[in-house]
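First up is the structure itself, then whatever we jot down about it.
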Amino acid sequence: MHSAPVLPDGSQLRWAELPGVQPTRVYLHGLGASSAPYYAEAVAHPALAGHRSLLIDLLGFGISDRPADQAYTLEMHADLLARALEQASVGRADVVAHSLGGAVACVLAARHPQLVRRLVLVDPVLDPVRPLPTVKRPGSSGIGVYRTEAEFLEHGWAETMAHVGPHWAATMRLAEPRALYRTAINALLGGDPTAREHLESVTIPRTLLYPESDGPRPDADRLTAAGVGVVPIPDCGHNIMIDNVDAFARAVATALID
């Protein structure tokens, strides 16, 4: 395990690191997740093995520190990630990012272009959700039904853990509840610019993977017009890297070919 201090109080981001050739590959998890449990099998796949790989956890999640006094905006996550990558001497990395991590990766690429060589977004969160949801379901939308942090801490945390199922709960239980709530709400409200606007503004190679079972993406034409490759992955749900490791690994390897 490796780490880097990213806040004045000494709070650290931590990651599992696999040695290998450059360019470095950085893997980012989704909301309430942790990168190593979600990506380890895929990173070991023959199509992806052999590169220096950082399976990094965002502040407040997984094995990273969990300060309760931070804002946990998308911009904060991206800026702290940039500090960690600079300390880890990654150079310009290929960033593979899932769900909420995809939004953070878009902000990272726009705000810290010297650190990102290519983006592979895995069923990412790109747009604000307004009005806020009213129906409980897994993900940031489910957390968004709790209109205040106090309400979430009082009973929403326990209800969310019971609702997401055992696989997601195994990593979500490591999250700082305030970090989970604030990150979810900030993702629902969206930044300014939004993650999509950041994605469309950068000129590096970008690829978006999505579950084929969802049907054609309604934004496919817009993404393509912005230069983003749109790739459907068969036999999977939202957690593409877990549901279809082989297809995921091969699609990522193809997206990262020079």
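The values are calculated or read from the model by the stated rules, or taken from the named source; none is laboratory data. Predicted, not measured: the structure shown is a model, and the values here were computed from it. Here the Cβ positions follow ideal geometry from the backbone for every residue, glycine too, while neighbour counts run over all protein chains shown. To get the accessible areas, we keep the full protein, side chains included, count just its heavy atoms, and leave off ligands, DNA and RNA. Shrake-Rupley method; radii C 1.70, N 1.55, O 1.52, S 1.80 Å.
Relative contact order of the range 37-113, taken over Cα pairs closer than 8 Å and 6 or more residues apart, is 25 percent.
Under 12 Å from the Cβ of T194, count the other residues' Cβ atoms, weight Lys and Arg +1, Asp and Glu -1, and hand me the total.
-3
Counting protein heavy atoms only, the range 153-215 has 53 percent of its accessible area on carbon and sulfur, 1.4 angstrom probe. Segment D246..A49, full-extension length gain: 69.7 nm, with 0.36 nm per residue of separation and the alpha-carbon distance subtracted.
Estimated at 0.36 nm per residue, the fully extended path between D219 and I257 surpasses their Cα-Cα distance by 11.2 nm. Taking the chain as a Gaussian network, Cα atoms linked when under 10 Å apart, which of A170, A105, A150 shows the biggest mean-square fluctuation? Among A170, A105, A150, the largest mean-square fluctuation in the Gaussian network model of the chain belongs to A150. Both radii come from the Cα set of the range 150-258: Rg as radius of gyration, Rh as Kirkwood radius; their ratio Rg/Rh reads 1.03. Using just its DSSP H runs of length 4 or more, each adding -39500 (n - 2.57), the chain gives a mean residue ellipticity at 222 nm of -10000 deg cm²/dmol after division by all residues. Per residue, the solvent-accessible area of the range 1-152 (1.4 Å probe, heavy atoms of protein chains only, all protein chains present) comes to 36 Å². Per residue, the convex hull spanned by the alpha carbons of the range 136-194 comes to 79 Å³. Working ranking of peptides 248-254, 43-49 by packing, defined as the average number of other Cβ atoms within 10 Å per residue, highest first, is 248-254, 43-49.
Provide Rg over Rh for the range 208-258; use the alpha carbon set for both Rg and the Kirkwood Rh (inverse mean inverse pair distance).
Values: Rg = 11.1 Å, Rh = 11.4 Å.
A ratio of 0.98.
At a Förster radius of 25 Å, what calculated FRET efficiency corresponds to the Cβ-Cβ distance of E212 and T134, to the nearest 0.05? The formula returns an efficiency of 0.25 here.
Which of these, S99, S34, S89, has the largest mean-square fluctuation under a Gaussian network model of the chain (Cα springs below 10 Å)? Result for the chain, Cα springs under 10 Å: S89 fluctuates most. Among the DSSP beta bridges whose two residues both lie in the chain, what percent are antiparallel, rounded to the nearest 5? For the chain, the DSSP antiparallel bridge percentage is about 25. In plain terms, the chain from A150 to V21 could stretch by 41.8 nm, reckoned as 0.36 nm per residue minus the Cα-Cα distance.
For the range 1-91, what number results from the quotient of the Cα radius of gyration and 2.2 N^0.38 Å? Don't jump to the answer; show the numbers that get you there.
Details: Rg = 12.9 Å, N = 91, 2.2 N^0.38 = 12.2 Å.
Taking N as the residue count of the range 1-91, the ratio is 1.06.
Shown is the FRET efficiency for R173 and D69, computed with R0 = 25 Å from the Cβ-Cβ distance and rounded to the nearest 0.05: 0.75.
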